[in-house]
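Asks: Let me begin by handing over the structure; questions about it come next.
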Amino acid sequence: MRNKIILLVLLGLSLPIAAQKNSKLISWSESRSLNSKDFKARPNKASSYAALTASGISCNISYDGEILSVETTTTFSPKESWIKDKDDQALLAHEQFHFNITELYAREFRKKILNSQFKSRGKRLMKEVTAIYNSTIKELDKYQKQYDNETDHSINKEAQLKWEKKVRERLDSLKDYAKPKLFIKL
């Protein structure tokens with residue numbers, strides 16, 4: 001029996017899987033930072049915000065009766081992301097850390113999956129994994145809001161530096177969960 005679920009949540013957005021496949025999403029990489037050209041959406045002039053980063057965690061889950069396979073990818077959607085002042089390097093760094101936080105929670109999700117003691121199989125197993133994913137997305141959303149509140153959307157430079165250090169340290173502490181593909185024999 002093969003069960004398969006594909007989940008995608010972009011921060012602030014929910015896109016159908018077809019849109020994900022047709023969009024040119026940028027996968028998170030330690031060696032690649034976002035640049036101003038990555039923000040392709042037209043800025044919302046009515047918004048009080050200076051930028052919007054549409055980042056998310058896509059998840060492909062399958063179970064063949066023996067092996068649970070979970071693949072997660074942290075992505076950034078250029079077509080949904082915008083920045084009003086493309087020359088503002090502090091703002092760009094702030095937006096990069098939104099993307100980094102998304103990767104942080106992808107790693108948290110992988111850790112939770114690897115540390116879970118699954119007793120269910122089939123559709124119940126898929127529901128358990130989906131519940132872990134959904135709770136992780138709620139935690140991610142709360143953390144992103146806390147980041148914006150405490151840094152005042154990059155305006156509070158001291159808080160911004162503290163958050164950058166905190167996120168880097170947490171990413172490093174979860175480096176064992178950086179690989180996007182998990183295979184668990186049940």
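Every number in this text was worked out from the coordinates using simple rules, so none of it is lab data. Small disclaimer: the values here were computed from a predicted structure and weren't measured. Here the Cβ is made from the backbone with ideal geometry for all residues, glycine too, and neighbour counts use every protein chain on show.
Asks: Provide the gained length on full extension for the span Lys175 to Asn149, in nm with one decimal, where the gain is 0.36 nm per separating residue minus the Cα-Cα distance.
Replies: 6.7 nm
Asks: While we're on this one: Expressed as a fraction of 2.2 N^0.38 Å, the rule-of-thumb size for a compact globular protein of N residues, what is the C-alpha radius of gyration of region 102-183?
Replies: Normalised by 2.2 N^0.38 Å, the Cα Rg of region 102-183 equals 1.31.
Asks: On to the next question. Can you pull the three principal axis extents for the Cα set of region 117-164, in Å, largest first?
Replies: Extents along the principal axes, in whole Å: 49, 15, 8.
Asks: Normalised radius of gyration for region 3-179, please: alpha carbon Rg relative to 2.2 N^0.38 Å, two decimal places.
Replies: The value comes to 1.07.
Asks: Does region 61-101 come out rounded, prolate or oblate by the C-alpha gyration tensor, with a ≥ b ≥ c the root eigenvalues, rounded set by a/c under 1.5 and, if not, prolate when a/b is larger than b/c and oblate if not?
Replies: Prolate is the answer for region 61-101, as a/c is 1.5 or above and a/b outweighs b/c.
Asks: Determine the dipole magnitude for the chain: charges of +1 sit on the beta-carbon of Lys and Arg, -1 on that of Asp and Glu, nothing else is charged, the reference point is the Cα centre, and the result goes in debye to the nearest 20.
Replies: That gives the chain a dipole magnitude of about 800 debye.
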